Amino acid sequence: MITPKEVLKNFYGYDNFRGQQEAIIQSILKKQDTIVLMPTGGGKSVCYQIPAMVNEGLTLVISPLIALMKDQVDALNGIGIAAAYLNSSQSASEQRFVSEEIKSGKLKLLYVAPERLFGGAFPLTETLKATPMSLVAIDEAHCVSQWGHDFRPDYLMIGRLRQELPAVPFIALTATADKQTRADIADKLGLKKPKWFISSFDRPNITYRIVPKRNSFDKLLEFLEYHQKNSGIIYCLSRKNVEDMADRLQAAGLSALPYHAGLDRQTRASHQEKFIKDEVKIMVATIAFGMGIDKSNVRFVVHMNMPQNVESYYQETGRAGRDGLPSDALLFYSYADVMTLQRMIDTPDNPEYSEVMLGKLDKMKNFCQSNTCRRKYLLGYFGEEEQKDCGNCDRCLSKGNKQDMTMPSQMLLSAIVRLKENYGLGYCVLVLRGSKSAKIQEEHKSLSVYGVGKDKTEDFWKKLGQHLQQEGYLAEAGTQFPTLKLTTTAWEKLKNREKFLLNMEEGALEHQKKSTPYEEELFEELKRIRFGLAQKENVPPYVIFSDNTLVEMATYLPQDHEAFLQMSGVGQLKAENYEGHFVPIINAYAEEHQLKSKKKLTVNKSPTSNRSGVSKTELVTLQHLRDGLDLFEIAKEREMSLTTIEGHIAKLVRLKKISAEAFVSKDDLLNIRLFYRRQEGRFLKPIKEHFGDRYSYFQIKVAIAEEQ
Ligand code: ADP
Ligand code: ZN
């Protein structure tokens, strides 16, 4: 039997399990119902895909995200795991083909939408009862909760499936952190004494920043300049804001497109696809965008407006950095937005709901205004006690850059107090600077603070006000227009005659000192290669290799097969398919820049190849073939998946150890090869699409193996 670790290495190309992955897999292998709470990017998929490979039988994956299924299945097929999906986007004949595959026992994983289980023309449950099943995985399990915004009534039917498949273990997975939803998952899915695995919800690779919304467009451009080569999402409040922002960014020469519910379906789908495929860098969107996307190399998420609550903020910013590389979350904060949201939420028809939501809004506001480490606040909100400051948020990064601003701070604060905390920043500054404006009330002209701040510009005072606010000395209040009040922290500081040390830089865009230990130029080149391959295979680039894997290549400069296989994210099949595209580029780059490859100190993934290029395990398969066993018998004998054996055979054909005609008839070989030669790429997918159900992937692979 193949072990979980072997699957991880040979198929995914990873050396070690992360966090609780291994324990979760063991729990499933013991046939224990299991619930997994893990943040986005934590590596949930592996938790059910590996048991699917280790066990006999089919793993059913229930997911509401139909649009994602094709990419998920492509990614699995791309690493040599037999997977398929069934959903309403397919033709009847495609669905029939998949049903045949299920019956033949070839599939390891089947993705379906929940409505297919009991409803529709061919409810799946009957087929499933007749199929050997190893596992049912419920992805996005929070959809069972009526409390959340992703509620899917069909998820409530899963309890029935649990009863109809009493001997099969179930695993439920979600990245939703809030408590009510957790309780609902356990309750509504009807799982049997589930074992819980709760990971920390920290996303250490995301740098959180919140800056005052002043000159926000300039700040945004500066931020985007830093992220020039990267993909990201910019969230705006309304459709109109989205359109305006996309126009302005395009006018500034940036690669950006809008996305909101007011666009017709086709436009929306095309914009989304362009973004996923890296054809456009920036998606400007309302929060409707993002739920159904799985793009792992989103490098930044910007909020032009404050989200309604911390849960939404966490979820939306969480779309950045699924691949684990450093990513940015930037929010532009203004009190005016708080007031707008207050008005939106405060509806008389459902006072109870309004009250809860207003409470959440208040927490979100506090999060923006507080001067503690952002990560500490976030994790604390979700009930995790984080002891130390994170060192990777704007609060932490700006420490050490502080100036003594005691005098002017005292002046501004006392002006606010003299004005009875009844005015906004603009008015206080006019008074401080002794303005002759008609706006100034007569009585205020006789205050001691009137005109004491003449020697400094209006801009200076406003900036100071913002910083005092950011650091938690001033808070905005009011319902009609914002007025400024001193916080208790400010009063205490004044009372104790402490200094006001402020960081007067616009902390937002300070970046950690960038050290890139990898070859950036090569990385960009590898991205271009990947982009070309992705276009030809009609998959998103991250399905070929994640950014992380390309970074590894640009770090270690692997120049031969063995070294290439050691890159994290390069499994056996990917090495075989893509080595020829990447290694020559790396070689050329290394030569041009006179660089040597660096040794990566890991265990060897490949079960020892010998000079002829045939690995030991492939030789065993070859021996069995010579002994007259067929594919299925070999798979069974060796306790390996059929896909693995098929992979061996394609390789053996390629190395001319056996003839393709043993598996595909002469005519068929000719047919496939002719079509293959006519197209410019060297890819399976278009061939498969061309012939439809006529040939299996295996037949195609074998047919073209000698041509490669
Ligand atoms: P989630 O579904 O929890 O958001 P994914 O399953 O998509 O996360 O995994 C996120 C990324 O991490 C993927 O690129 C995945 O291949 C990678 N990954 C998962 N497990 C490991 C591991 N053990 N080592 C390295 N990378 C991993
Ligand atoms: Zn921090």
Residue count, the stretch 212-241, condition closer than 21 Å to Val338 by Cβ and either small (Gly, Ala, Ser) or free of Cβ contacts under 8 Å to residues at least 60 places away in the same chain (or both), comes to 5
Worksheet item: On the given criteria, is Leu447 of a type outside the set (Ser, Thr, Tyr) and not in a loop (DSSP other than H, G, I, E, B)?
Response: no
Counting only residues in the stretch 30-40 that are within 14 Å of ligand 1 (Cβ to nearest atom) and assigned to a loop (DSSP other than H, G, I, E, B), the one farthest from Lys192 (Cα to Cα) is identified as Thr40
Of (1) more than 24 Å from the chain's Cα centre (by Cα); (2) of a type in the set (A, V, I, L, M, F, W, C); (3) crowded, with 19+ Cβ neighbours inside 10 Å, Met245 fails just (1)
Lys462: passes all of (1) assigned to a helix (DSSP H, G or I); (2) within 37 Å of the chain's Cα centre (by Cα); (3) not β-branched (Val, Ile, Thr) but (2)
Apart from one, (1) more than 31 Å from the chain's Cα centre (by Cα); (2) buried (at least 16 other Cβ atoms within 10 Å of the Cβ) all hold for Pro123; the odd one out is (2)
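Go through Phe675, Phe691 for me and flag whichever is more than 35 Å from the chain's Cα centre (by Cα), modelled with pLDDT under 85 and over 27 Å from Glu562 (Cα atoms).
Working: Phe691 fails: more than 35 Å from the chain's Cα centre (by Cα).
Just one listed residue meets the conditions, Phe675.
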Regarding the stretch 411-426, can at least one residue be identified that is in contact (Cβ under 8 Å) with a residue 24 or more places away in the chain, assigned to a helix (DSSP H, G or I) and hydroxyl-bearing (Ser, Thr, Tyr)? yes
Of those in the stretch 53-70 that are touching a helix residue (DSSP H, G or I) at 6+ places or on another chain (Cβ under 9 Å) and not β-branched (Val, Ile, Thr), the residue nearest to Ala130 (Cα to Cα) is Leu58
Notebook entry, point to check: Do we find a residue being more than 16 Å from ligand 2 (Cβ to nearest atom), surrounded by fewer than 16 Cβ atoms within 10 Å (Cβ to Cβ), more than 26 Å from Asn538 (Cβ to Cβ) and not small (Gly, Ala, Ser) anywhere in the stretch 91-100?
Noted result: no
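Mind checking which residues of the stretch 14-29 are more than 8 Å from ligand 1 (Cβ to nearest atom) and surrounded by 23 or more Cβ atoms within 10 Å (Cβ to Cβ)?
Across the stretch 14-29, the qualifying residues are Ile24, Ile25, Ser27, Ile28.
Looking at Ser414, is it within 16 Å of ligand 1 (Cβ to nearest atom) and either closer than 30 Å to Glu458 by Cα or among the small types (Gly, Ala, Ser) (or both)?
no
Hey, can you tell me all the residues within the stretch 179-211 that are assigned to a helix (DSSP H, G or I) and either touching a residue at least 40 places away in the same chain (Cβ under 8 Å) or aliphatic (A, V, I, L, M) (or both)? Even if it seems obvious, please write down each step before you answer.
Narrowing the stretch 179-211 to residues assigned to a helix (DSSP H, G or I): 179-188.
Hits for the stretch 179-211 are Lys179, Arg182, Ala183, Asp184, Ile185, Ala186, Lys188.
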Of (1) assigned by TED's automatic domain parsing to the domain that holds Met157; (2) more than 30 Å from Gln146 (Cβ to Cβ), Ile185 satisfies every one except (2)
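Please find, among Met411, Met364, the residue that is farther than 25 Å from Leu330 by Cβ and of a type in the set (A, V, I, L, M). Reasoning before the result, please.
Working: Met364 fails: farther than 25 Å from Leu330 by Cβ.
None of the other options fit; the residue is Met411.
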Apart from one, (1) surrounded by 14 or more Cβ atoms within 10 Å (Cβ to Cβ); (2) more than 16 Å from ligand 2 (Cβ to nearest atom) all hold for Asp404; the odd one out is (1)
Counting only residues that are surrounded by 13 or more Cβ atoms within 10 Å (Cβ to Cβ) and more than 12 Å from ligand 2 (Cβ to nearest atom), the stretch 384-400 contains a total of 1
Over the stretch 227-242, the set of residues more than 18 Å from Leu263 (Cβ to Cβ) and exposed (fewer than 14 other Cβ atoms within 10 Å of the Cβ) is Gln228, Lys229
If we keep only residues of the stretch 546-589 that are assigned to a loop (DSSP other than H, G, I, E, B) and farther than 26 Å from Gly41 by Cβ, then the residue nearest to ligand 2 (Cβ to nearest atom) is Leu557
Asp328 vs (1) modelled with pLDDT under 90; (2) closer than 30 Å to Phe275 by Cβ; (3) within 16 Å of ligand 2 (Cβ to nearest atom): all pass except (1)
Q) Is it true that Gly43 is within 14 Å of ligand 1 (Cβ to nearest atom) and either over 24 Å from the mean Cα position of the chain (by Cα) or free of Cβ contacts under 8 Å to residues at least 60 places away in the same chain (or both)? A) yes
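May I ask you to say which residue of Ile2, Ile81 is within 14 Å of ligand 1 (Cβ to nearest atom), more than 25 Å from Met157 (Cα to Cα) and not small (Gly, Ala, Ser)?
On the way: Ile2 fails: within 14 Å of ligand 1 (Cβ to nearest atom).
Answer to the selection: Ile81.
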Counting only residues that are within 26 Å of the chain's Cα centre (by Cα), surrounded by 18 or more Cβ atoms within 10 Å (Cβ to Cβ) and of a type outside the set (A, V, I, L, M, F, W, C), the stretch 361-380 contains a total of 5
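The values are calculated or read from the model by the stated rules, or taken from the named source; none is laboratory data. Note that this is a predicted model, so its numbers are computed, not measured. Glycine gets a Cβ as well: all are built from the backbone with ideal geometry, and neighbour counts include every protein chain shown.
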